[in-house]
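Scroll down for the structure; my scribbles are underneath it.
The values are calculated or read from the model by the stated rules, or taken from the named source; none is laboratory data. What you are looking at is a predicted structure, and each value in this text was computed from that prediction instead of being measured. Virtual Cβ from ideal backbone geometry, glycine too; neighbours counted across all protein chains shown.
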Amino acid sequence: MGLKPDHWIRKMSQEHGMIEPFVDSQVRKGVISYGVSSYGYDIRVADEFKIFTNVNNSIVDPKKFDPGMMVDFKGDVCIVPPNSFALARTIEYFRIPRGVLTVCLGKSTYARCGILTNVTPFEPEWEGYVTLEISNTTPLPAKIYANEGIAQVLFFEGDEDCEVSYADKKGKYQGQSSITLPRM
């Protein structure tokens, strides 16, 4: 299994729609960078957020997640409360090839401010907008800038295709078109 370089990412995106919209260079002037990089792709966060609030003193239960714990917000800048988190989605829509697995890591600009982005791997043949979990680990409110870079996706191609893909097992997060809360 090997990490895939920028020319492979360009080819897969242009010929197979792996990333749409695809930005063929690294955009950085005046923004947190996004677009293709040496061995990955820096994704952008859209302007739609679900901000965690615990006004109801609920318990966070992944098996019975209460949507009432989230407040919808749309805007150019999202303020994540101290020691809290928000969910968001990418601007980019992904179509992962059968022989590929991705790992996504938060960008250093945010990480150095105590803001972490968590995303699970994109499995072979998964597709959709990525739901992002953005954690503010600081005791202060934190700004997240919509339409700018938030994390980097690294692409790994296997020596052979997997036996069972995410599409084959009809994964519950297949084809996400918006921010998706936990499902059972």
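Brief remarks follow.
- Every residue from the stretch 64-76 that is exposed (fewer than 12 other Cβ atoms within 10 Å of the Cβ) and at pLDDT 95 or above: Asp72, Lys74, Gly75, Asp76
- Only a single criterion out of (1) in contact with a helix residue (DSSP H, G or I) (Cβ under 8 Å, 6 or more places away or on another chain); (2) surrounded by 17 or more Cβ atoms within 10 Å (Cβ to Cβ) is not satisfied by Leu101, namely (1).
- Residue selected from the stretch 138-168 under the condition aromatic (Phe, Trp, Tyr) and closer than 27 Å to Pro67 by Cβ, by the criterion surrounded by the most Cβ atoms within 10 Å (Cβ to Cβ): Tyr166
- Candidates Ile150, Ile134, Ile179, filtered to the one that is under 30 Å from Lys29 (Cβ atoms), out of contact with any Gly (no Cβ under 9 Å at 6 or more places or on another chain), hydrophobic (A, V, I, L, M, F, W, C) and in contact (Cβ under 8 Å) with a residue 60 or more places away in the chain: Ile179
- Unique match (being surrounded by fewer than 17 Cβ atoms within 10 Å (Cβ to Cβ), free of Cβ contacts under 8 Å to residues at least 60 places away in the same chain and among the small types (Gly, Ala, Ser)) among Gly106, Gly171, Gly128: Gly171
- Meets criteria (polar (S, T, N, Q), assigned to a loop (DSSP other than H, G, I, E, B), without any contact (Cβ under 8 Å) to a residue 40 or more places away in the chain and touching a strand residue (DSSP E or B) at 6+ places or on another chain (Cβ under 6 Å)) for Ser13: no
- Considering the stretch 119-165, the qualifying strands (runs of 3 or more DSSP E), each wholly inside and each with 3 or more residues that are β-branched (Val, Ile, Thr), run over 127-136.
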